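See below for the structure under consideration.
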Amino acid sequence: MAGVDILATAMNGGNAAFIANLYAKWVEAPDSVDPDFASLFAALGDDARSVLGDAAGASWAPRPISFERPAAPAEAGKGAPLSRQGTIDSIRALMFIRAYRVRGHLEADLDPLGLRQPGHHPELDPASYGFTEADMDRPIFIDMVLGRETATMREIIAILRESYCGKIGVEFMHIQDPEQKSWIQRRVEGAPWRTALDKEGKRRVLTQLTEAEGFETFCQRRYVGTKRFGLEGGESTIPALHAIIETAARAGVNEIAIGMPHRGRLNTLVNIVKKPFTAVFSEFGGESFKPDAVQGSGDVKYHLGTSADLVIAGNKVHLSLQPNPSHLEAVDPVVAGKVRARQDMAGDTRGRRSVMGILMHGDAAFAGQGLVYETLAMSQLIGYRTGGTVHIVVNNQIGFTTVPAHAYSGLYCTDVAKSVQSPIFHVNGDDPEAVVFVAQLATEFRQEFGVDVVIDLVCYRRHGHNETDEPAFTQPLMYQAIRGRKTTRTLYAERLAAEGAVGTAESDQIHKDFVATLEEAYKAAASYKPNKADWLEGHWAGLNSARDEEGETEEPTAIPLDTLRRIGNALARVPDDFDVNPKIARQLEAKAEMIRTGEGIDWATGEALAFGSLLLEGHRVRLSGEDCQRGTFSQRHAVLIDQTSQNEYVPLNNIGEEQSRIEIFNSLLSEAGVLGFEYGYSLADPRTLVLWEGQFGDFANGAQVIIDQFIAAGESKWLRMSGLTLLLPHGYEGQGPEHSSARPERFLQLCAENNMAVCNITTPANYFHALRRQLKRNFRKPLIIMTPKSLLRHKLAVSTLEDMTNGSAFRTVIPETDALVAPEKVRRVVLCSGKVYYDLVAERRDRGIDDVAIVRVEQLYPFPKKALKTAIEAYVNAEVIWCQEEPENMGYWHFLDRRIEAALECTATKMAASRPRFAGRKAAASPATGLAKVHAAEQAALVREALGV
């Protein structure tokens, strides 16, 4: 028990148990423990075994720490065994070093204002490990930990304080990967940032700070009282961005997409992405960012983005700043999706290092917005990984008027990033050299390990939330400190002058030259006019804008019959050695029969034929959503799973060697995050069909910000097209309030200026053509489809292969198809959309009604006025009914009422009534009832009302 006694005198019982258990783990698996402990155990050899071996399995009570010292400590080294005291000291010291790696950030000097003084943590006190002042200068064997074989406690403390408790605080010990932890340790211990920059590097940082501060000061002087959400107090953000971009460029990154909120956006636009100062000053003067010939509502200047090709570190790099609304973190998944698309387009699908995302955040938003976590949660998933994003939290230590104590529950605003084991580098924003070092380090970490990394840039907000705000109303002490604080640039210039790196005269000249540049741009802004818009360049070259409100254009979407059969045969085929589920095998047999006969093509098969045809034409297809590989209703089975090996087989990727590939990913349980990601993907790649499927249509409720701010308005506000397709299962089948309605009324309310298409389609063939139309047009628009549920297997909701060939195309309106319904005797025309059509047809057939025509409006917007007029003008004696399953205050009625009226007024012959009437559920607060009997009664009543029986 001598080893236990030694250990008991070395530390308290909890630490001893920790070390003993760690040693036991090391004996069985040396690579399973912290490398520093493993190294020490190996160096101690038999001494470690005698000291720790018994303790690993022993049960013992803590004993008082003994502070007896040997008369003359033995020399510690690799060549000689440690003395009893040497072993005790080594273990204590190693525990002490580890504590600094875990908790050193708690005593780091991070707040430029000095309002949040670091506290004292007992685990960072050498006394907690039995060391007293008398022990400070005794050499201790630490086996090259901290880069030293031996060191005194005084030396150890100095190294640790400088490494972990200075202007940089590092959180990384929560990371499970030993290689990542070791990588960070090697690069931060010893505080290498102290000597990282030479004189030229320091001058470059000073110049960047001058540009950051000078731009804000100039705008404040020239545009007094104008909101710009300036960067004052956080100017170190600009050198940080420069460092990230330059480091990435040297590492081979050739494209960088940036997402950020409004604070500091103008500064980033001009000083990072190199938007001309003249253009920004023109916008300050009230001019549009786009040419007069380009339509669109535009947006305020601090929401806009831009892009540019720059030569950085000798390499050409494409930089883009994504436009963003005031919904602060909504841009996060959009940027991630855009990065993923660019990587896929470049063929960088393994390492994913050639394109990188930078996301900037506010402190309150990073902690408070759930979309931050949703984006982080995607970062290492197979369908969404991008090789890591560099996050910069511009930590103003306040959110609007909310102090940190009210803004988040954790210690730091960045705590959420620990959930994905991202390293977090906290840095004092008033130490630009430390900021630049951290920025370089974070980027190198991303390139090395392909994971997200977070920089917490602790700074302040010199003005209020905006330039017209009075922050002292709510934060008097903070703003008293800010008023007395010199700017970051001033402090750094004084520091460089004191060092002799950049003299005061040179510093002043840098500032003077930059102000002259701004003044010249300001004068030129008076006559500045943008001469082009960049939205249809690069990957978008060859596409056009489109603002046809009528939506009557037809694109050739039919394909040859032999091509359809080729695709269909591939859909029904699996490899001989593939153990397919017996139920799916029967479905494949049925699918093969559909293709052979050309009859009975169901919804899933029509969809797969559309996908396959696009793949053969060289387009890629990307579909993601919750359970979309199988399909929510077991209808798709686009990815088959071997029942023995769990291997995957995708029939659509096995049509022919010349085809492109489809990717289908079951997403994480996120709507806003995943929809934002797919929107971003569609922004980057107009040649790929990108689809997001809601498990049920109402799941889109959770992504309303993405729909409202990006999908519906992105083209009008920012001149950014998207061809994203949303598949939203919709229909009233008694599944209750939550799984009946995809809320079509919300989408229709957003419709204007031909901004998107909204459809409720009733046949697989029309669905086939709608999907193909997305890529066959010479422009891109979002497509919202209310997809079916019960119709997926409805015996009447089928098509033929011929419906997809022989010059067929998407039909915005499908006229009456029953030859027994003669136009001259029709007393009523029922207009409808979606599943209710089949309920109406069934009731009409059962009752033998032949004087009611049923016309399907397959596309609700753009409203097909001409096609509807053609479909109904023969019914000269008829009244017109609009029938829907949804309550009167929901669905399509209020959107279509006057549009139908306008179509009726344009018919060649006057109809019996000039306005339609409504048939459907009465107005309600909830989309649907949760009671099956009530649902059935409501459904039967609205069908009878529509038919007039």
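If you check Val273, Val280 for being crowded, with 21+ Cβ neighbours inside 10 Å and either more than 22 Å from the chain's Cα centre (by Cα) or of a type outside the set (Gly, Ala, Ser) (or both), only one passes: Val280. Annotation: of all residues in the range 210-225 being part of a helix (DSSP H, G or I) and either free of Cβ contacts under 8 Å to residues at least 24 places away in the same chain or hydrophobic (A, V, I, L, M, F, W, C) (or both), the one that is surrounded by the most Cβ atoms within 10 Å (Cβ to Cβ) is Ala212. From the list Ala417, Ala405, Ala377, the lone residue that is out of contact with any Cys (no Cβ under 9 Å at 6 or more places or on another chain), buried (at least 19 other Cβ atoms within 10 Å of the Cβ) and either of a type in the set (A, V, I, L, M) or modelled with pLDDT of 95 or more (or both) is Ala417.
Listed here are the residues, each with its yes/no results for (1) modelled with pLDDT of 95 or more; (2) outside the structural domain of Leu728 (by TED's automatic domain parsing); (3) closer than 19 Å to Thr762 by Cβ; (4) surrounded by fewer than 18 Cβ atoms within 10 Å (Cβ to Cβ).
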| residue | (1), (2), (3), (4) |
| --- | --- |
| Thr817 | no, yes, yes, yes |
| Glu824 | no, yes, no, yes |
| Ser833 | yes, yes, yes, no |
| Tyr838 | yes, yes, yes, no |
| Tyr861 | yes, yes, yes, no |
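Being out of contact with any Lys or Arg (no Cβ under 7 Å at 6 or more places or on another chain), assigned to a helix (DSSP H, G or I) and of a type in the set (Ser, Thr, Tyr) is the filter; apply it to the range 666-685 and report the residue that is surrounded by the most Cβ atoms within 10 Å (Cβ to Cβ). Checked the range 666-685; the qualifying residue surrounded by the most Cβ atoms within 10 Å (Cβ to Cβ) is Ser682. When Ala925 is tested against the conditions (1) at pLDDT 95 or above; (2) surrounded by 14 or more Cβ atoms within 10 Å (Cβ to Cβ); (3) part of a loop (DSSP other than H, G, I, E, B), the lone failure is (2).
Could you tell me whether any residue of the range 49-64 is in a helix (DSSP H, G or I), buried (at least 22 other Cβ atoms within 10 Å of the Cβ), at pLDDT below 75 and outside the structural domain of Lys486 (by TED's automatic domain parsing)? Within the range 49-64, one or more residues are in a helix (DSSP H, G or I), buried (at least 22 other Cβ atoms within 10 Å of the Cβ), at pLDDT below 75 and outside the structural domain of Lys486 (by TED's automatic domain parsing). Applying the set (1) over 23 Å from Phe229 (Cβ atoms); (2) in the same structural domain as His406 (by TED's automatic domain parsing); (3) among the hydroxyl-bearing types (Ser, Thr, Tyr) to Thr490 leaves exactly one unmet item: (1). Of Gly104, Gly119, Gly79, all but one fail to be within 30 Å of Asp430 (Cβ to Cβ) and either loosely packed, with under 14 Cβ neighbours inside 10 Å or modelled with pLDDT under 50 (or both); the exception is Gly119. Taking the range 931-946 as the range and being under 44 Å from the mean Cα position of the chain (by Cα) and closer than 20 Å to Glu745 by Cβ as the test, the residues that pass are His935, Glu938, Gln939, Leu942. Within the range 756-782, how many residues are assigned to a loop (DSSP other than H, G, I, E, B) and either assigned by TED's automatic domain parsing to the domain that holds Lys865 or hydroxyl-bearing (Ser, Thr, Tyr) (or both)? The total comes to 2.
Filtering the range 368-414 to residues that are out of contact with any strand residue (DSSP E or B) (no Cβ under 9 Å at 6 or more places or on another chain) and under 29 Å from Tyr681 (Cβ atoms) leaves Gly370, Leu371, Tyr373, Glu374, Ala377, Met378, Gln380, Arg385. Checking each residue in the range 685-699 for being modelled with pLDDT under 95 and hydrophobic (A, V, I, L, M, F, W, C) picks out Phe696, Phe699.
Once the range 336-362 is narrowed to residues that are of a type outside the set (A, V, I, L, M, F, W, C), crowded, with 21+ Cβ neighbours inside 10 Å and out of contact with any Phe, Trp or Tyr (no Cβ under 8 Å at 6 or more places or on another chain), the residue that is nearest to Gly450 (Cα to Cα) is Gly357. Screening Arg898 with (1) touching a helix residue (DSSP H, G or I) at 6+ places or on another chain (Cβ under 6 Å); (2) of a type outside the set (Ser, Thr, Tyr); (3) surrounded by fewer than 16 Cβ atoms within 10 Å (Cβ to Cβ) gives one miss only, at (1). The sole residue among Glu607, Glu555 that is in contact (Cβ under 8 Å) with a residue 24 or more places away in the chain, under 32 Å from the mean Cα position of the chain (by Cα) and within 21 Å of Glu858 (Cα to Cα) is Glu607. When you check Glu753 against the structure, is it assigned by TED's automatic domain parsing to the domain that holds Gly694 and either closer than 22 Å to Ser545 by Cα or at pLDDT below 95 (or both), yes or no? Yes; evaluated as a whole, the condition is true for this residue.
The values are calculated or read from the model by the stated rules, or taken from the named source; none is laboratory data. Bear in mind the structure is a predicted one, so any value in this text is a computation, not a measurement. Note that each Cβ is placed from the backbone with ideal geometry, even for glycine, and that neighbours are counted across all protein chains shown.
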